[in-house]
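Chemist: Structure incoming, see below.
FYI, it's all coordinate maths here, none of it is from the lab. Just so you know, these numbers come straight off a predicted model, no measurement behind them. Counting neighbours? That spans all protein chains shown, and the Cβs are built from the backbone with ideal geometry, glycine included.
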Amino acid sequence: MVPPREMASLVESGKQVIDEGRITEALRASREPDESRLADLLAKARERKGLSLTEVADLVHLRRPEHVQALYEAAAEVKQRIYGDRVVLFAPLYVSNECVGNCLYCGFRRDNRDLKRQTLTQEEIASEVLWLIEHGYKRLLLVYGETPRNGVASMVEAVQTVYATHSGAGEIRRVNINAAPLSHEDFKALQPAGIGTYQVFQETYHRETYARMHPCGPKADYDWRVTVWDRCIPAGIDDVGLGVLLGLTDWRWDLLALLDHARYLDETYGVGPHTISVPRLEPAFNTPLATNPPAPVSDDEFRKIVAIVRLAVPYTGIIMSTRESPDMRRECLRLGVSQISAGSRVSPGGYAEVDAEENADFDEAQFKVGDHRGLDEIMRDLCDQGYLPSFCTACYRAGRTGPDFMALAKPGEIHNFCLPNALLTFKEYLLDYATPETRAAGEKVIWDNLDKVEDEQVRRVAEERLAALDAGQRDVYF
């Protein structure tokens, strides 16, 4: 493993990160596995140690219904053993839709002259945060367009504003960021602000497609983007989020490249991706690709992608946004998704300034939303499906990040912390924000899951802390 302090100066080309020739060759040599080969692949996957590039390359060819079903069952088993019934919820908060890039798939692109541009002031950010707090949120993802106005100083100030905003006992306890790649120096300046995960999606790892989709601006530099973590992790931000925008090129190639990037991080830093996101291309206002994706991904292919990611990187949190419909999100929770956004507004000022009905209009949004349900409705639906909603932020605040988190997540031991913390954060939501119907459904879920806490002492302490919440105490965690 290369020492992190040396890595930023050593990496000069994205070719050192993604082995493009190896990916192409793995796909060329792969084929749909027969019964024996598939059984071996899924048996290995069930050991929760991941899969190699060549093994994933075989799985992408699965077509026979019984083989695909076997893949789904293995993914569901691995997800259950690591994450159980917990589902983490968060909201994106769009700070700015100003952008100097001209990405052909994005409603925020520079040439969309009909889009009203806005970068929230600190007062407007506080107003958005207050709305979110008063609806029960504890975790936020700040989302930025790519413009010099959205530099690291403005990010630090925004994070400070979020943490300083309170409503009664309500507060945001963890801020993550989705933004452009920063320099090593800027990441060092951001780290003390106390963010959780920094997300940068490569969008597509296929260089020719990448160049066509990103014709100008800083984002046109493929290598600067793909080497972002070699500046970020050495700067002390060791929880990182990967992602591709499915639909820009052959999903098989991008999937293998995404997993190769995860391998690179793990081998280089001993820290794989904390999260992996799998958004599909959706229509966006005034974009060339609004109705004609270059490489559409079907629902069947999408389910298969989720299942393969779960088996290939078993420890990672798989994120699904409100791009997808409620039904698709329900299906993918079983196949491997462990984090979802809820009640999302995908334009600046979308919470405090825009009511729910207006949010259905995506002319001011980055993309078309597929799930318009509010947080409470989603929480109740999760309960009805047998899931345990969670707003847990304990690992970040207890220092269980980067290598420390991976040491617990890879063997599946993280549930010893996650399950009791999920119970406590969900209880807070039920007491302070839930409708009567959701509270009734949620109380049953809490007591059903309390019995699943394996350690008797931990279970007893969890019971005591649940009682403390009933008595008015807040923000208790393991």
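Chemist: Placing one identical point scatterer on every Cα of the stretch 413-469 and ignoring solvent, what is log10 I(q)/I(0) from the Debye formula at q = 0.12 Å⁻¹?
Modeler: Evaluating at q = 0.12 Å⁻¹ gives log10 I(q)/I(0) of -0.26.
Chemist: Calculate, in nm to one decimal, what residue 435 and residue 223 gain on full extension: separation in residues at 0.36 nm each, minus their alpha carbon distance.
Modeler: On the way: separation 212, 0.36 × 212 = 76.32 nm, distance 4.84 nm.
Extra length available between residue 435 and residue 223 comes to 71.5 nm.
Chemist: Residue by residue through the stretch 415-430, which ³J(HN,Hα) values in whole Hz follow from phi under the Karplus form 6.51 cos²θ - 1.76 cosθ + 1.60 (θ = phi - 60°), with glycine and proline marked x?
Modeler: Per-residue couplings from phi come out as 4, 5, 9, 5, 5, x, 5, 4, 4, 5, 6, 5, 4, 4, 4, 4 Hz.
Chemist: May I ask you to derive the relative contact order of the stretch 168-304, considering only C-alpha pairs under 8 Å and at least 6 residues apart, and to give it as an integer percent? Let's see the in-between values first.
Modeler: Details: 185 pairs, mean separation 32.8, N = 137.
The value is 24 percent.
Chemist: Right, another one. Could you derive backbone 3J(HN,Hα) for the stretch 61-76 from the dihedral phi with the Karplus parameters 6.51, -1.76 and 1.60 (θ = phi - 60°), listing whole Hz in sequence and x where the residue is Gly or Pro?
Modeler: 8, 4, 10, 5, x, 5, 6, 5, 5, 5, 4, 4, 5, 5, 5, 4
Chemist: Here's a follow-up. Amide H neighbours of residue 141 under 5 Å, counting only residues 5+ apart in sequence or on other chains, H built in-plane at 1.01 Å?
Modeler: 91, 93, 176
Chemist: With contacts defined as alpha carbon pairs under 8 Å and 6 or more residues apart, what's the relative contact order of the stretch 321-478 in percent? Could you put the intermediate results ahead of the total?
Modeler: Working: 141 pairs, mean separation 33.5, N = 158.
With pairs under 8 Å counted, the relative contact order is 21 percent.
Chemist: Moving on to the next point. Using 0.36 nm per residue, how much length does the chain from residue 286 to residue 32 gain when fully extended, once their Cα-Cα distance is taken away?
Modeler: Numbers: separation 254, 0.36 × 254 = 91.44 nm, distance 3.96 nm.
Stretched out fully, the residue 286 to residue 32 stretch lengthens by 87.5 nm.
Chemist: Here is a follow-up. Run down the lysines and flag those whose C-alpha is under 17 Å from the C-alpha of residue 444, throwing out any fewer than 8 positions away in its chain.
Modeler: By straight Cα distance, residue 444 reaches 427, 452.
Chemist: Dipole of the chain, Cα-centred, from +1 at each Lys and Arg C-beta and -1 at each Asp and Glu C-beta, to the nearest 20 debye?
Modeler: Details: 56 positive and 74 negative charges, 145 e Å.
Computed charge dipole of the chain: roughly 700 debye.
Chemist: In straight Cα distance, which lysines are under 24 Å from residue 188, not counting same-chain residues fewer than 8 positions off?
Modeler: Hits, sequence-local ones excluded: 219.
Chemist: Here is a follow-up. Please give the contour-minus-distance gain from residue 157 to residue 63: 0.36 nm per residue of separation, less the Cα-Cα distance, rounded to one decimal in nm.
Modeler: Numbers: separation 94, 0.36 × 94 = 33.84 nm, distance 5.00 nm.
Gain in length upon complete extension: 28.8 nm.
Chemist: Around residue 271, with a cut-off of 9 angstrom between Cβ atoms, what is the net charge of the other residues, counting Lys and Arg +1 and Asp and Glu -1? Write down the numbers at each step before the final one.
Modeler: Details: positive: none; negative: 238, 239, 266.
Residues near residue 271 contribute -3 overall.
Chemist: Here is a further query. Given a Förster distance of 30 angstrom, what is the FRET efficiency for residue 167 paired with residue 471, based on the Cβ-Cβ distance and rounded to 0.05? Intermediate values should be presented prior to the final figure.
Modeler: Values: r = 20 Å, r/R0 = 0.68.
Rounded to the nearest 0.05, the efficiency is 0.90.
Chemist: Based on the Cβ-Cβ distance of residue 54 and residue 385, what FRET efficiency does E = 1/(1 + (r/R0)^6) give at R0 = 41 Å, to the nearest 0.05?
Modeler: Numbers: r = 35 Å, r/R0 = 0.86.
Once rounded, the FRET efficiency stands at 0.70.
Chemist: To the nearest Å, what is the center-to-center distance of the stretch 401-440 and the stretch 166-195, using C-alpha atoms only?
Modeler: Result: 21 Å between the Cα centres.
Chemist: Along Cα→Cβ, 7 Å out, is where each label goes; now give me the distance between the ones at residue 407 and residue 300 in nm to one decimal.
Modeler: 4.6
Chemist: I've got another one for you. Before anything else, pin down the relative contact order of the chain: Cα pairs under 8 Å, at least 6 apart, normalised by residue count, whole percent. Write down the numbers at each step before the final one.
Modeler: Details: 872 pairs, mean separation 97.4, N = 478.
Averaging sequence separation for qualifying contacts and normalising by length gives 20 percent for the chain.
Chemist: Can you work out the FRET efficiency for the pair residue 114 and residue 211, with r the C-beta to C-beta distance and R0 = 30 Å, to the nearest 0.05?
Modeler: Details: r = 26 Å, r/R0 = 0.87.
My answer for the efficiency is 0.70.
Chemist: Among DSSP beta bridges whose residues both lie in the chain, state the antiparallel percentage, nearest 5. It would help to have the intermediate numbers written out before the result.
Modeler: Details: 3 of 32 bridges.
Just about 10 percent of them are antiparallel.
Chemist: Between the stretch 199-242 and the stretch 114-159, what is the separation of their alpha carbon centroids in Å?
Modeler: About 22 Å separates the Cα centre of the stretch 199-242 from the one of the stretch 114-159.
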